[in-house]
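To start, the structure itself, in structure tokens.
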Amino acid sequence: MALAELAGALATGQLSSRELVEAHLRRIDEINPLVNAVVTIDADRALASANKVDELRARGTDLPLLSGIPMTHKDTHETAGMRTTYGSPIFADNVPNRDDLIVARLKSAGVISTGKSNVPEFAAGAHTVNPVFGTTRNPYDPTRSASGSSGGAAAAIACGVQAAGDGSDTGGSLRLPAAFNNIVGLRPSNGWIPHVVPDNPWEWLSQPGFMARNVADVALLMDLCSGPDTWGPTSRLDLGQFSDLDTTTDLSGWRIGFAPDLNGQVEVEGEVAEVVGNSETVLTGLGAQLSHEAPALDDAAEVFRLARAYEFAKNYGHLIVDHADQMKSTLRGNIQAGLDLGAEDLFALDAARARLWVAMQDYFSRHDVLVTTTSQVEPFAAELDYPDALNGKPISDYMAWVHATSLISATGCPAISVPAGFSATGLPVGLQFIGPVGADARVLKAAQAFERVTNHAQTHPPL
């Protein structure tokens, strides 16, 4: 059931919260041995919370919309009184005393926190594996990756453990797992769910956000959980009205740039390119006017590299002195790259971001949205750290296969992945819709129109 359906069933008494939490826990027991999506569970506290919700509802108490709905949270999001490991041996027994903002807002909306979903170490990398809990596997083929870094949440949602969930996205960590698991994942514009003190309140590359099995549920969560915070200096002050989506599938008058490989700026695997290419006729059938122009992203790779290094050093640099031996080599490299940045690097970052901003403003003066592939590859073998080849050519850089999402991250633009279909081997493929900064509602509307006429998300995994 969708998130909105569950809320309605609880409100009308068709379901009790206890029944729903029990079903959630049973489903974890069923699928976790196969996919390893959920890594911490607090069943007793969740069931006690469910009983309390049911008692309040029976008394006629006015409750928040999602009251009684169970949800696990990404294991890089702090949860008060519940273990949060970041997928790292350094924090294997860490129990925070506070909730991250995104978790706090979900709880304010009524969500019952039941546990944590698996992540790569400190969310570094787009394959969910870590030395604490191991590898999360793809529910459509458990020999394959669920991607990352929000891979545990994506696999749980795809398997019916929960209707929706929270995640975060630096270079594609909401969109890539969505593509690999045939669900929806939105990377929002900066400031809708602000970064707050005492963390890194000026952070902009990494964004918290949501995944679900349909666009409407992602929009609903954005409505419930976005908004300014006095401790978030980059808060957006306007309200998004994200779930104000009509049911039309008419995109007449929309100007859509359809550039699956960004006109050669990224390389796309043949099977993926074929599935994504089929989306062109769907979009024209919706009435959209298509061009094949792509924005000039010449500066995006440098912006992403420098900003990512800076954020890793800012967030985790204090750990490298005493715990370097407990970190994977790529994570150490990311942190050290940030610590090695000098003034000239930071000047170059600002200049490149400015040029990139101009390029995107120019592009969106002529287009409403841009549509590309989400992942450049099919879900790869779970035993690999990252794909070892793309179109028969070796991959030596573990970030090279995520340029379709990471280059977009560098622009700051909102982007959503929706199911685009399946490869010949039955593996999911995602389509990425991108809009100008702040136009998240526009991106959601275009994605929902595509979703409504394709229904790819209705093909559930065999587990």
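The values are calculated or read from the model by the stated rules, or taken from the named source; none is laboratory data. All of these numbers come straight from a predicted model, not from anything done at the bench. With ideal geometry, Cβ positions are generated from the backbone for all residues, glycine too; neighbour counts draw on all protein chains shown. Please note that ligands, DNA and RNA were not included when accessible areas were found on the heavy atoms of the full protein model with its side chains. Shrake-Rupley method; radii C 1.70, N 1.55, O 1.52, S 1.80 Å.
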Charge dipole magnitude, Cβ of K and R +1, D and E -1 - the chain, Cα centre, debye nearest 20:
740 debye
Taking the alpha-carbon centroid of each part, what is the distance from segment 398-463 to segment 74-97 in angstrom?
29 Å
Reduced to Cα centres, the span from segment 135-161 to segment 308-360 in Å works out to 28 Å
For Kirkwood radius over Cα pairs in Å, calculated from these coordinates, the label among [x] 26.6; [y] 25.3; [z] 21.9
[z]
Summing +1 per Lys or Arg and -1 per Asp or Glu among the other residues with Cβ less than 12 Å from residue 367's Cβ gives 0
For residue 397 and residue 385 in one chain, what is 0.36 nm times their gap in residues minus the Cα-Cα distance, to one decimal in nm?
3.2 nm
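Using a Förster radius of 35 Å, what is the FRET efficiency between residue 5 and residue 80 based on their Cβ-Cβ separation? Nearest 0.05, please. Provide the component values of the computation, followed by the final result.
Details: r = 29 Å, r/R0 = 0.82.
Working from the Cβ atoms, E equals 0.75.
Using 0.36 nm times the number of residues separating residue 293 and residue 358, minus their current alpha carbon distance, what extension gain do you get?
Working: separation 65, 0.36 × 65 = 23.40 nm, distance 1.60 nm.
Between residue 293 and residue 358, full extension yields 21.8 nm more.
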Please figure out what share of the DSSP beta bridges in the chain is antiparallel and state it in percent, rounded to the nearest 5.
75 percent
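Using the Cα centre as the reference, give the magnitude of the dipole from point charges on the C-beta atoms of segment 343-446 (Lys, Arg: +1; Asp, Glu: -1; all else neutral), rounded to the nearest 20 debye. Could you put the intermediate results ahead of the total?
Numbers: 6 positive and 11 negative charges, 105 e Å.
It works out to roughly 500 debye.
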For the chain, the accessible surface attributable to carbon and sulfur atoms (probe 1.4 angstrom, ligands and nucleic acids excluded) amounts in percent to 51 percent
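Leaving out ligands and nucleic acids, note down the accessible area per residue over the chain with a 1.4 angstrom probe, in whole Å². Present the calculation step by step, with values, prior to reporting the outcome.
Values: 17080 Å² over 463 residues.
About 37 Å² of surface per residue is accessible.
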Compare the peptides 373-386, 281-294 by average per-residue count of other Cβ atoms within 10 angstrom and give them in order, highest first.
373-386, 281-294
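May I have the count of lysine pairs in the chain with C-alpha atoms under 16 Å apart, counting pairs 8 or more residues apart or located on different chains? Walk me through the intermediate numbers first.
Values: 52/107; 74/107; 74/116; 107/116.
Going through the chain pair by pair, I get 4.
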Testing the spin-label approximation: label points 7 Å from Cα along Cα→Cβ at residue 234 and residue 14. State their distance in nm.
4.1 nm
Packing-wise, with mean Cβ within 10 Å as the measure, how do 99-105, 316-322, 148-154 rank, highest first?
148-154, 99-105, 316-322
Cα Rg, Dmax, segment 1-98, angstrom units:
15.0, 46
